[in-house]
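I have placed the structure first, in the form of structure tokens, so that the comments after it can refer back to it.
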Amino acid sequence: MFGADILFTATREPSYVRNLLVRRALARIGRLTEVTSSLPSYPLRIGSVAAGLILCRPPADVIWAGFFGQPLVPLIKKLYPDRPLILDAFVSAFDTLCLDRQSVRPASPLGRLAHLLDRAALTRADVVVADTAAQAAFLAAEFGLDPGRVVVHRLGYDDEVFKPVPPGSGPGVRVFFYGSFLPLHGVDVILEAARRLAGEPRIRFVIGGAPPGRRNISSRDVPANVQPVGYIPYHRLPEYIAAADICLAGPFGTTPKASRVITGKTYQFLACGRATIVGDNDANRELFIHARDVWFVPRGDPEGLAAAIRLLGNDPALRNALAEGGRRRAQEFSPAEQVRQLRRLLELVG
């Protein structure tokens, strides 16, 4: 498969981290053609990408449908009926809408439509890709897939952006989190942990991101020891990580999806060499060892999170040892390793 014509397409922006990392890796494996869109909404991007596929119909020995590729599968199979299709099911519409965000009930018309969209796409793909073994098992069970057709490709990190930085030397202990405030993240758990640490002025929190549709969280919603900074551009994340002593990767929520994910920020924090606290779930246990690579805390437990922050905050030696262990582990998911993994996968279907 090395040197083959590879078509990458997706309905999420090509700059989205999962798509970005896969695109870069594929470009180092074969002759990559991309049909993507950066328009501001899914309907616009789906229409733009579909038109691009129909009008351009680039040569392809294998097609990679990235995140979110499910709506494109029927068209891809019609245009390329004899070419292997790899579908990156990084996100399931049904899982996200019905089980995590709980925006709609699974049995509602929209819930059934989301399930149908996922199942129709996943069953037609030659290979389905998930980012954790726990998520792969969920997809196989929920949508009736042959488990042998569902493979795991870890997310990894962008080493052009996230590089090791020396431990901070400033006073106090700064704790950093950023995210899109999805239920699985458990931001409410983080804020409650901060409230329980309000009597320890050495410990301060910086929180980036905001709930959907908002630019920031209101200062009225957070304790005095929390500094909300709103949306952080991707290229500025390293400066916030460098300024932190402890990073919170989660997931700390208790939704079903929170048991199956390793957050993208986990790899980023570890690559930068920061002591990182994660939620104790099946997915994190696939890769990490407690007190060697990361620090596990029970999900949905603000007191447990507060205790872990207090412990690491009061023990710089433990914090530094954890940071170094995590950095070493992160190197196993570098872009170079991404290329090796994807080459093996493409050779499997070629």
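The values are calculated or read from the model by the stated rules, or taken from the named source; none is laboratory data. In this text, all values refer to a predicted model and were calculated from it rather than measured experimentally. Methodologically, a virtual Cβ is constructed for each residue, glycine included, from the backbone with ideal geometry; neighbour enumeration extends over all protein chains shown.
Quick notes on this structure:
- Some residue of the range 71-88 being modelled with pLDDT of 95 or more and within 26 Å of ARG329 (Cβ to Cβ): yes
- The condition of being over 24 Å from GLN102 (Cα atoms) and at pLDDT 95 or above holds for only one of ARG319, ARG260, that being ARG319.
- Looking across the range 103-133, the residues that are touching a residue at least 24 places away in the same chain (Cβ under 8 Å) and of a type in the set (D, E, K, R) come down to ASP118, ARG119, ARG124, ASP126, ASP131.
- Of the residues in the range 264-276, none is among the β-branched types (Val, Ile, Thr) and in a loop (DSSP other than H, G, I, E, B).
- Condition met for GLY66 (in contact with a strand residue (DSSP E or B) (Cβ under 8 Å, 6 or more places away or on another chain) and in the same structural domain as ALA130 (by the TED database)): yes
- Residue check for GLY300: surrounded by 22 or more Cβ atoms within 10 Å (Cβ to Cβ) and within 28 Å of ALA198 (Cβ to Cβ): no
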